[in-house]
Amino acid sequence: MPPFLYIFLGALAVVSALGVIMQRNPIHSLLALIGTLMTVAILFIGEDAVVVGFLQIIVYAGAIMILFLFVIWLLNLQVEAGPTGHLALKFFGSIGAALLVAELCLILAPPHLLVKFTHEPAGYGSLASLAAKLFTDYLVAFEVTSILLLAAVVGSVALARRLPVVFEEQPRAVEQPRVVEQPRVVEKIAS
Amino acid sequence: MTIELIAGAIKAILMIVIGLNLSLFLLYFERKGSALIQDRIGSNRVTITGLGKRMGMPNLGIINTTIADPVKMFTKEDFVPAGADKFLHTLAPFLALFPVMITFVVIPFGDQIMIHGHRIGLEATNLNAGALYLLATIGLGVYGVALAGWSSNNRWALLGGIRATAQMISYELAMGLAIVSVIMTFGTLNLQEIVRGQGGVWFGFLPRWGIFVQPLAFILLLVAGAAESKRIPFDLPESDSELIQGYFTEYSGGKQAVFMLTDFAEQALVAMLLTTFFLGGWQVPWLMRDGFHLPGGAFLAVPALAVSILGVIAFLVKVVALCIFLGLVRWTLPRFRYDQLMRLGWKGLVPLGLFNVLITAFVVVATGRVQ
């Protein structure tokens, strides 16, 4: 992947990530989040982690974000008003946020930013190599995870299942004679 | 290098053009074909010069459906309802169309041609993870519809959007399972390789098409694909007797045309997927790279270029035939009820798909085709 494309996609990912927290409307935030996930997925694909990239789109952008959308709809989240509260609160809040950002910048400072570029062997990140690793070296972890997920699915189905309504035998009341409804007399309207 | 680059651009444009033209054909078939099925006359008025009419030729309604209708659509007022989210209301149709259009590029429409010693494969991109790409882009199609329903500020539209979302994510699962069993059968995610794997014959006469190996997966993909493209009998999201027009109730003019185009393009895409996975893609029965090897042992030599062109024609014929079949289904069956739809998806197709994957896995291991 050429560097300019990498930088462009990275910038796009950061901008859409900012959009997630800066939008007032929850649906717009969700769209920005999808944008972030998509750009990161394209970065993965560009860096030869093809399977991870596509799985990110299928699982996160395609399925989990739809769940988010449903939750937003079901909770009927509305457009948020601006920050409320005393002016002093906002002032000190801003200072605290700025301090946190400064701390983050210090932690992530130079030695970590110097990423070494290495060339991976051909076929790295392809489905074949991933599957070979997954089904040999990490087989136990893979199977345990899948059983865990299966248990979670069964559990959620069991929780969501409607229990059959049990009718208790009621002492039968004395049968009432059925009230025969009188046929309504249609009044004739003189025309 | 340059030849490959130019060829790549031409192929990408060609694939989009094929998709759009198939949509146009489906639009025509929707009007005149439905008239034929229902014993009506259908559109038969508009002519450009009136020459054909004076010569006594019947008007087939081609100008009506393919020129007059779209022009009418695009010159109508483009209306955004009060209280709608204007940005999303405008974005939604394109968000619906875009994933379908970019999915066309991985479909192989022919074998290969040689230009000046360069081998040019007849597919817009030869992606190694083609099947994954396909699942990813099809999954993104939900957003356009869901957001169209939400942003219109209309309850019918919102109901349609919610129905569409639930339906599409339910049937995506069955679709994925059908594709997985095909991938296991051919051992590759590359669509061109899958089509190549369907060349040759069994028992001397039966083409090695996917439908003969995976008949159940074919039916699964057919049903799930029809549901994904939201056509009758799966048109719950836009069921016009209950929801006016469903998720695009509040759309007019060009944007509505884009939604209709999306529906037709999705139908064309489903036909292409079925062709690629199950009907041998561009494979012509008994045609190898050097010519026809007929079942009786007869041999008919065909030049290489003609073989490629025959392949492209075969692909198009199969796709159009499947499109017509989907259209027939659309005008024959009544609409499902919503609970029937969900029951069919989750209790019918998904278990069948899982069963099919299981059987396929057993067969693949038993025949020792695992590397």
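Observations on the structure shown:
- Test for B:MET184: is it buried (at least 22 other Cβ atoms within 10 Å of the Cβ), part of a helix (DSSP H, G or I) and either under 16 Å from the mean Cα position of the chain (by Cα) or at pLDDT 85 or above (or both): no
- Here the helices (runs of 4 or more DSSP H) wholly within segment B:257-371 that include at least 3 residues being surrounded by fewer than 14 Cβ atoms within 10 Å (Cβ to Cβ) and of a type in the set (A, V, I, L, M) are B:304-330, B:350-366.
- Some residue of segment B:47-57 being among the small types (Gly, Ala, Ser), at pLDDT 80 or above and surrounded by 11 or more Cβ atoms within 10 Å (Cβ to Cβ): no
- Yes/no for A:PHE44 being buried (at least 17 other Cβ atoms within 10 Å of the Cβ), in contact with a Gly (Cβ under 6 Å, 6 or more places away or on another chain) and at pLDDT 85 or above: yes
- Any pair with Cβ under 6 angstrom, 6 or more apart, that starts in segment B:41-57 at a residue that is within 23 Å of B:PHE29 (Cα to Cα) and ends at one that is part of a loop (DSSP other than H, G, I, E, B): B:GLY42/B:GLY61; B:SER43/B:GLY61; B:ASN44/B:ASN59; B:ASN44/B:GLY61; B:LYS53/B:THR47
- Boolean, B:GLY8 is surrounded by fewer than 17 Cβ atoms within 10 Å (Cβ to Cβ) and in a loop (DSSP other than H, G, I, E, B): no
- Within segment B:141-171, tally of residues that are more than 16 Å from B:GLN256 (Cβ to Cβ), at the interface with chain A (Cβ under 8 Å from one of its Cβ atoms) and surrounded by 23 or more Cβ atoms within 10 Å (Cβ to Cβ): 5
- Among residues of segment B:69-106, those that are surrounded by 16 or more Cβ atoms within 10 Å (Cβ to Cβ) and closer than 30 Å to B:ALA35 by Cβ, counted: 9
- Helices (runs of 4 or more DSSP H) contained entirely in segment A:1-75, each with at least 1 residues that are in contact (Cβ under 8 Å) with a residue 12 or more places away in the chain, under 27 Å from B:SER152 (Cα atoms) and within 14 Å of chain B (Cβ to nearest Cβ): A:3-22, A:26-46, A:65-75
- The single residue among B:THR137, B:THR188 that is within 14 Å of chain A (Cβ to nearest Cβ) and free of Cβ contacts under 8 Å to residues at least 12 places away in the same chain turns out to be B:THR188.
The values are calculated or read from the model by the stated rules, or taken from the named source; none is laboratory data. In this text the structure is predicted, and so the values were computed from the model without any measurement. Don't worry about glycine lacking a Cβ; one is built from the backbone with ideal geometry, like all the others, and counts go over all protein chains shown.
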